[in-house]
Amino acid sequence: MLKIVVCVSGGGTNLQAILDAIDEKKITNTEITAVISNNAGARALTRAENHGIPAICMSPKNYPDRAAFNQAFTEKMCELNPDLIVLAGFLVKIPETMVKKFSNRIVNIHPSLIPSFCGVGYYGLTVHEKALERGVKVTGATVHFVNEGMDEGPIIAQKAVCIEDGDTPEILQRRVMEQAEWILLPQAIDDIANGRIEVVNNKVRKTEKTEIKLQK
Ligand code: GRF
């Protein structure tokens with residue numbers, strides 16, 4: 001059984017997609033042992049509580065400085081000792097010590113096709129604003145392992161989403177979530193939980209074909 005801790009900052013729709021996929025047995029061999037948010041008001045925490053999952057708030061604001069937060073956050077994660085950490089819309093940079101301790105055991109969902117529209121400053125609606133500003137015709141989402149860089153770890157899965165006339169950042173964000181994020185992230189967790197993924201030379205290799213259980 002893969003024990004996962006999900007880290008969230010906001011609405012938690014990606015967390016909800018994971019919870020639903022576990023309930024519907026589209027993700028198997030997986031248990032969420034805790035949800036952590038840096039934001040006490042995050043709806044994601046309520047979603048966790050509604051599922052009987054421990055919901056923990058840890059905010060950098062409650063520590064004297066970032067180093068103190070990083071230490072406490074890393075200690076908490078070591079105490080929880082998950083097999084996999086899932087960043088599902090988590091807006092806090094993961095401390096380097098945690099990345100090292102959980103090497104290739106942290107995954108993140110990013111709402112663009114990396115390496116486009118990613119890196120420092122590309123989060124939330126900004127990603128979609130920049131895609132629309134540039135006039136690309138296709139965007140999407142990426143699930144990747146987290147390394148010391150920003151959105152630079154090995155790519156696990158990507159899915160393209162078309163941009164349509166009249167799109168606003170909000171409309172595009174919703175389409176990317178519906179057509180890509182809510183499918184890709186649960187699928188990647190199921191692949192990891194069932195041993196279908198390995199990292200070789202900093203690249204992800206699928207050891208068997210993914211069973212497409214989440215395609216809409
Ligand atoms: C998603 O677009 C995610 O990719 C991004 O932040 C958003 C989080 O949404 N990093 P939610 O909290 O899962 O609803």
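Using a simple spin-label model with pseudo-atoms 7 Å out from Cα toward Cβ, Arg134 and Glu75 lie 4.1 nm apart. Hydrophobic, long helices, defined as DSSP H runs whose alpha-carbon span along the helix axis is 20 Å or greater and whose mean Kyte-Doolittle value is at least -1.0, occur in the chain at 66-80.
What part of the accessible area of region 1-148, given as a whole %, is carbon or sulfur when the probe is 1.4 angstrom?
On the way: 3350 of 6770 Å².
Roughly 50 percent, rounded to a whole number.
Sites listed here are trypsin sites (Lys or Arg not before Pro) in region 1-45 whose DSSP assignment is loop and whose Cβ has at most 13 other Cβ atoms within 10 Å: Lys25. Remark: region 136-205 carries 45 Å² of accessible area per residue (probe radius 1.4 Å; ligands, DNA and RNA excluded).
With both partners inside the chain, how many of the DSSP beta bridges are antiparallel, as a percent to the nearest 5? Could the numbers behind the result be given before it?
Working: 15 of 32 bridges.
Taking every DSSP beta bridge within the chain, about 45 percent pair in antiparallel fashion.
Applying a 10 Å radius around every beta-carbon, put 152-158, 203-209 in order of their mean neighbour count, most first.
Working: 152-158: 19.0, 203-209: 11.3.
Top to bottom by mean Cβ count within 10 Å: 152-158, 203-209.
At 0.36 nm per residue, and after removing the present C-alpha to C-alpha distance, how many nm does the segment from Lys100 to Asn201 gain when stretched out fully?
Working: separation 101, 0.36 × 101 = 36.36 nm, distance 1.67 nm.
That works out to 34.7 nm of additional length.
Say a paramagnetic label sat at a point 7 Å from the Cα of Lys61, along Cα to Cβ; which residues of region 10-53 have their backbone N under 18 Å from it? Those under the cut-off are 10-12, 36-46.
For the chain, the Kirkwood radius over C-alpha pairs fed into Stokes-Einstein at 4 °C and 1.567 mPa s yields D = 74 µm² per second. Checking every one of the trypsin sites (Lys or Arg not before Pro) in region 106-153 against DSSP loop status and a limit of 15 other Cβ atoms within 10 Å picks out Lys137.
In region 20-103, what is the volume of the convex hull around the alpha carbon atoms, normalised per residue and reported in Å³?
On the way: hull volume 8.5 nm³, N = 84.
Taking the convex hull of the Cα positions in region 20-103, it is 102 Å³ per residue.
Taking square-rooted eigenvalues a ≥ b ≥ c of the alpha carbon gyration tensor, is region 138-216 rounded, prolate or oblate, where a/c under 1.5 means rounded and, failing that, a/b exceeding b/c means prolate? Judged from the Cα gyration tensor, region 138-216 comes out oblate (a/c at least 1.5, b/c at or above a/b). Within the shell of other residues whose beta carbon sits under 14 angstrom from the beta carbon of Ile56, the net charge comes to -1, with Lys and Arg scored +1 and Asp and Glu -1.
The values are calculated or read from the model by the stated rules, or taken from the named source; none is laboratory data. Computed from a prediction, not measured in an experiment: that's the story for all the values here. As a convention, Cβ positions derive from the backbone with ideal geometry for all residues, glycine included, and neighbour counts pool all protein chains shown. Just so you know, the surface numbers come from the protein's heavy atoms only, side chains and all, with ligands and any DNA or RNA stripped out. Shrake-Rupley method; radii C 1.70, N 1.55, O 1.52, S 1.80 Å.
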